[in-house]
Amino acid sequence: MLIMQKPNHLFICIVLFSTFIYTQAYAESKLVQAEDYFNQAQIIHNSETDTPDYAAAAALLKKAADLHYAPALYMLGMYALNGLGCEADPQAAFSFFNEAANYGYTEGLFTVGCCFEYGYGVEKNEALAADYYSDAAEKNYPPALLRMGEAYYYGDITEQDDFKAFEYFSAASKLGYIPAFWRTGACYYKGRGVEQNYDTAAEIFRQAALYDEPNAENYLGICYAFGHGVPENQETAVYWYRKAAEQGLSAGENNLGYRYDIGSGIEQNDTQAVYWYTKAAEQDYEMAQCNLGLMYEKGRGVTKDEKQAVYWYKKAAEQDEPRAFNRLGLCYYDGRGIDQDYKAAVACYQKAIELGNYDASYNLGLCYKNGYGVPKNDTEALRLFEQVFHTGRMYAASAAAECYYHGIGTPQHYQKALELYTAGANAGYADCQFALAEMYRNGIGVPKDTKAALDWYKKAADNGHTDAAQKLTELKQAQ
């Protein structure tokens, strides 16, 4: 009979514990060795010589990577991506980044996300990019928190969600990540994902500006320009725009150029306006490209060059700048800087309208009224003129009033014409002032009133309306 000896549980525990201690000690020794290789590589990489021995550093990093040291794998990825100590190899770089990420290395997770987003060494895949960014963000990695905030803010690699964007921006800001500060401030400024609060926005911008963050400086300039969260002060606005511009921020360069353009907070200077618009335009900032085009079109601060104006309008239009489409449409309509083409003008106006530019609605209305580039349609012309007028653009009052006065596209309606001419006249538009004077002089839609006619003729004449001056003289002589 076989007798089974009872297992010695105490002996088994001692053996297992000893094995654990040995395994742990071995793992720790490997970690120490890997760290030593990595540190040696870092010393070589950061040496102050003009040409560090990247190949030697890479060899040490490889030894550390062979011991499964994630930071070394990540650095080898950077070396492979940038061709340091080896030929640039994006595929190999991705492989190193991915292996580091598999060990849960935060920078590796984030960089794999970058690879998937931009197609570095791997096929583009925005969904996977968002997944890796999210994993890194869960580890409170500030750049990943910022990128996830941007993803939700713009809706580029994930669904647009202002509330999630604000949460990510705030989380990165609370970790002291300065690039996220201005994003958080912008959410407060625009009321995106959080209740709009100019005071809070301005304070956040001010904190970030202490670290010379150019976007915060530009926003702080905007706050001072419009009195949002701070007392309005145009000179201070210019100060902050300049701070941002001198760091090469295109938005700051454009805003500083605009201040020189209109002479707000600083002495008006077309040459300086062109200088700053050009710097921003060369960085593909679409608003500056349109502004620069206008300077060339008008010959302000630069030799007049309508072809150059068209060039910049087209550059801006390529980025869907609404004003640029409208200005380009005007050039096509008049044949300035480009061959006259009414259909192309209409197409430009329609695109500008689609992008929210109401000035283009007025210009398209003129096309319908005259039948240029589209079949003549007086009803549609009037609809567009009135649409523009109701946005507060008083310059459209004259065109809409003329339709009602003459019964163009609508039954004749003198009272409506009178209301529109009055609105335009009170806003200082000479054509409306002259037309209103005519209505009072002749008693059309209103009782005759010579005094009112004289007043409006005078205002129109003072605004440069040549016919008004003659009418004023005639009416005075007739009295």
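Of all residues in region 212-251, how many are in contact with a Pro (Cβ under 6 Å, 6 or more places away or on another chain) and under 22 Å from CYS187 (Cβ atoms)?
Going residue by residue through region 212-251, those that are in contact with a Pro (Cβ under 6 Å, 6 or more places away or on another chain) are 244, 247, 249.
Right, trim to under 22 Å from CYS187 (Cβ atoms) and you get 244, 249.
Selection size over region 212-251: 2.
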| task | Test each condition in (1) among the polar types (S, T, N, Q); (2) part of a loop (DSSP other than H, G, I, E, B); (3) surrounded by fewer than 16 Cβ atoms within 10 Å (Cβ to Cβ) for THR410 and report the one that comes out false. | result | (3)
| request: Only residues that are open to solvent by 90 Å² or more (accessible area, probe 1.4 Å) and either among the polar types (S, T, N, Q) or at pLDDT below 50 (or both): list them for region 15-57, please. | output: LEU16, PHE17, PHE20, TYR22, TYR26, ASN46, THR51
| query | Does GLN268 fit the bill of being more than 21 Å from ILE222 (Cβ to Cβ), open to solvent by 60 Å² or more (accessible area, probe 1.4 Å) and either not β-branched (Val, Ile, Thr) or not in a helix (DSSP H, G or I) (or both)? | reply | no
| Extreme residue, farthest from ALA101 (Cα to Cα), among residues of region 55-84 that are in contact with a Phe, Trp or Tyr (Cβ under 8 Å, 6 or more places away or on another chain) and outside any helix (DSSP H, G or I) | LEU84
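Look through region 172-226, keep the residues that are of a type in the set (Phe, Trp, Tyr) and assigned to a loop (DSSP other than H, G, I, E, B), and return whichever of them is nearest to LEU256 (Cα to Cα).
Narrowing region 172-226 to residues of a type in the set (Phe, Trp, Tyr): 177, 181-182, 188-189, 198, 205, 211, 219, 224, 226.
Narrowing further to those that are assigned to a loop (DSSP other than H, G, I, E, B): 177, 211.
Numbers: TYR177: 27, TYR211: 20 Å.
Once the filter is applied, the top-ranked residue is TYR211.
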| query | Assuming VAL122 fulfils every condition listed in (1) outside any helix (DSSP H, G or I); (2) open to solvent by less than 30 Å² (accessible area, probe 1.4 Å); (3) among the hydrophobic types (A, V, I, L, M, F, W, C) apart from one, which condition is it? | reply | (2)
| query | Restricted to region 308-325, and to residues that are among the charged types (D, E, K, R) and open to solvent by less than 70 Å² (accessible area, probe 1.4 Å), which residue is nearest to ALA347 (Cα to Cα)? | reply | GLU321
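Has region 98-110 got at least one residue that is within 18 Å of ILE157 (Cα to Cα) and of a type outside the set (S, T, N, Q)?
Yes, region 98-110 contains a residue that is within 18 Å of ILE157 (Cα to Cα) and of a type outside the set (S, T, N, Q).
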| In this structure, does ALA127 turn out to be open to solvent by 50 Å² or more (accessible area, probe 1.4 Å), in a helix (DSSP H, G or I), among the small types (Gly, Ala, Ser) and touching a residue at least 24 places away in the same chain (Cβ under 8 Å)? | yes
| Which one of LYS476, LYS471 is farther than 28 Å from ARG393 by Cβ and not in a loop (DSSP other than H, G, I, E, B)? | LYS476
| said: Can you find a residue that is at pLDDT below 95 and open to solvent by 60 Å² or more (accessible area, probe 1.4 Å) anywhere in region 68-78? | reply: yes
| remark: A careful count of residues in region 297-328 that are touching a Gly at 6+ places or on another chain (Cβ under 6 Å) and hydrophobic (A, V, I, L, M, F, W, C) gives 3
| task | May I ask you to verify whether LYS351 is under 28 Å from GLY445 (Cβ atoms) and among the basic types (Lys, Arg)? | result | no
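Here's a check for you: in region 130-171, which residue that is of a type in the set (Ser, Thr, Tyr) and in a helix (DSSP H, G or I) is most open to solvent (accessible area, probe 1.4 Å)? Lay out the reasoning, then the answer.
Step one: list which residues in region 130-171 are of a type in the set (Ser, Thr, Tyr), which gives 132-134, 141, 152-154, 158, 168, 170.
In the following step, the residues that additionally are in a helix (DSSP H, G or I) were identified as 132-134, 152-154, 168, 170.
Details: TYR132: 48, TYR133: 2, SER134: 29, TYR152: 33, TYR153: 16, TYR154: 130, TYR168: 51, SER170: 20 Å².
Out of the qualifying residues, it is TYR154.
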| query | Across region 99-119, which residue is surrounded by the most Cβ atoms within 10 Å (Cβ to Cβ) among those that are more than 30 Å from the chain's Cα centre (by Cα) and part of a helix (DSSP H, G or I)? | reply | ALA100
| note | Apart from one, (1) open to solvent by 30 Å² or more (accessible area, probe 1.4 Å); (2) touching a residue at least 24 places away in the same chain (Cβ under 8 Å); (3) among the β-branched types (Val, Ile, Thr) all hold for VAL446; the odd one out is (1)
| query | Assuming PHE96 fulfils every condition listed in (1) open to solvent by 80 Å² or more (accessible area, probe 1.4 Å); (2) modelled with pLDDT of 90 or more apart from one, which condition is it? | reply | (1)
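The values are calculated or read from the model by the stated rules, or taken from the named source; none is laboratory data. Values in this document were obtained by computation on a predicted structure and should not be read as measured data. Counting neighbours? That spans all protein chains shown, and the Cβs are built from the backbone with ideal geometry, glycine included. The protein model used for the area step is the full one, side chains on, heavy atoms only, and it has no ligands, DNA or RNA in it. Shrake-Rupley method; radii C 1.70, N 1.55, O 1.52, S 1.80 Å.
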